[in-house]
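Read the figures in this text as sums done on the coordinates, not as results from a lab. The model shown is predicted, which means the values in this text are computed figures rather than measured ones. Reconstructed Cβ throughout: ideal geometry from the backbone, glycine too, with neighbour counts over all protein chains shown.
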Amino acid sequence: MPKQHICYSLLATLIVVLIHGAAQITAQDHTASPALILEGETHFDEIKQLTFGGQNAEGYFAFDEQRIIFQSTRDSLTCDQQFIMDLNTGNTRLVSTGKGRTTCGYFFPGDSAILFSSTHHLNAACPETPDFSKGYVWAVYPTYDIFRASPDASNLVPLTSTPGYDAEATVSPRGDKIVFTSVRNGDLDLYSMNLDGTGVQQLTNDVGYDGGAFYSWDGKSIVYRAWHYPDSASASEYKSLLATNLVRPSRMELFVMNADGSNKKQVTNNGFANFGPFFHPDNKRIIFASNMNDPKGRNFDLYIIGVDGSGLERITFNETFDGFPMFTRDGKKLVFASNRNGKVRGETNLFLAKWKD
């Protein structure tokens, strides 16, 4: 995988651990090449590479689908910042402060504002990476808060201010709600709030990590990744680790629920790490990343599955990492992050594919 946090907020760390090294950013044309489509990837008509070098992930479309916001460690940056790219020209600009660490950029309805989480307001330096002497863990940085800003990086306003982790925020296509992950009640749960940060409502309350949520296209449902602890011993270990701002993400399954948190249903049950779920525009299928076909757990590919857990199909066949997929509203394009075509080991770039069912 790529980086140090999954919406990102947490799967970025996974990429740092699984793959090492990063190239410097170099200026190149945005080229479409059949060679980027690997054997078995029958849902892709064409793939265009959008970024070249470094660590780039979580590319999400603007509502007009002419731009994407994404996080990147490039040039002199030592941890992720937010960028906006014009998909027609390739022009890219920094839209976060350049300080601290950021994650999970998203556009507001009408594209008049953007959303991301950042640690800059409490410490201008990059937060420390996790201590892996405790095994494979993710950092849940307590200095993350969620911010709103204009797309030109002006008018930065905090939407959260509670102590502890607030991140992994995305916006409903209906333009009425934000869903996000927070530790404000002592556990990693999902919450919703109004676009101005008011009206916070807790949506999940099972012991364990609930995160990486996205709304369906009609705004009626939410898909997310989670793992809950059924016995007191494992729950105690989880809580002890969380008290040090760490979690152990060895297993994550996908769930769906109504936008108000009711009617929760488990979608996957494969025992692996499943993340980055996003609804197909038909609202009947979910595309996501998983390491289910790698016994060592290092290789992530894209899969699609029905909301009822039926019809699982593998989409990508890359030997390293594919993840963070997002469809356009018409279902004809898919943006995702991948290690394919990297110039150095561990390079993660963004790609835009033409999709066919």
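Highest mean first, how do 237-246, 111-120, 269-278 rank when packing is the count of other Cβ atoms within 10 Å averaged over residues? Spell out each step's value before the answer.
On the way: 237-246: 15.2, 111-120: 22.1, 269-278: 20.6.
The densest-packed peptide leads the list: 111-120, 269-278, 237-246.
Taking a virtual spin label 7 Å from the Cα of GLN202 along the C-beta vector, which residues in the range 243-260 bring their backbone nitrogen under 17 Å of it?
Only 243, 260 fall inside the zone, counting backbone N under 17 Å.
Can you pull the one-decimal nm distance between simple spin-label points at ASP218 and ALA243, each 7 Å off the Cα toward Cβ?
The modelled label-to-label distance comes out at 4.6 nm.
Return the whole-Å distance between the Cα centroid of the range 317-345 and the Cα centroid of the range 156-230.
25
Roughly how big is the range 218-357's charge dipole about its Cα centre, with Cβ charges of +1 (Lys, Arg) and -1 (Asp, Glu), in debye to the nearest 20? List each step's numbers first, then the result.
Values: 20 positive and 15 negative charges, 64 e Å.
Magnitude of the dipole: close to 300 debye.
What distance in nm separates the simple spin-label points at THR42 and ALA124, each placed 7 Å from Cα in the Cβ direction?
In this crude spin-label approximation the distance works out to 5.6 nm.
Check the straight Cα-Cα distances from LYS356 and name the lysines below 25 Å, setting aside those fewer than 8 residues away within the same chain.
Those lysines meeting the cut-off are LYS48, LYS284, LYS332, LYS333.
For the chain, report the % of Cα-Cα distances exceeding 40 Å. Write out the running numbers ahead of the final one.
Numbers: 2653 of 63546 pairs.
In whole percent, the long-distance tail amounts to 4.
Treating only the Cβ of Lys, Arg, Asp and Glu as charged (+1, +1, -1, -1), what charge dipole size does the range 131-282 show about its Cα centre? Round to the nearest 20 debye.
Working: 12 positive and 17 negative charges, 37 e Å.
I would put it at about 180 debye.
Report Rg(Cα)/(2.2 N^0.38 Å) for the range 149-230, keeping two decimals. The partial results should precede the final answer.
Numbers: Rg = 13.2 Å, N = 82, 2.2 N^0.38 = 11.7 Å.
Against the compact-globule rule of thumb, the ratio is 1.12.
May I ask what percent, to the nearest 5, of DSSP beta bridges between residues of the chain are antiparallel? Intermediate values should be presented prior to the final figure.
Numbers: 80 of 83 bridges.
Expressed as a percentage, antiparallel bridges in the chain total about 95.
Just name one of GLY208, ILE146, SER96: the one whose Cα is farthest towards the positive end of the charge dipole of the range 72-213 (beta-carbon charges, Lys/Arg +1, Asp/Glu -1).
Of the candidates, SER96 comes out farthest on the positive side.
Taking the simple approach of a point 7 Å from Cα along Cα-to-Cβ for both ASP86 and LYS134, what is their distance in nm?
Simple spin-label model gives 4.5 nm for this pair.
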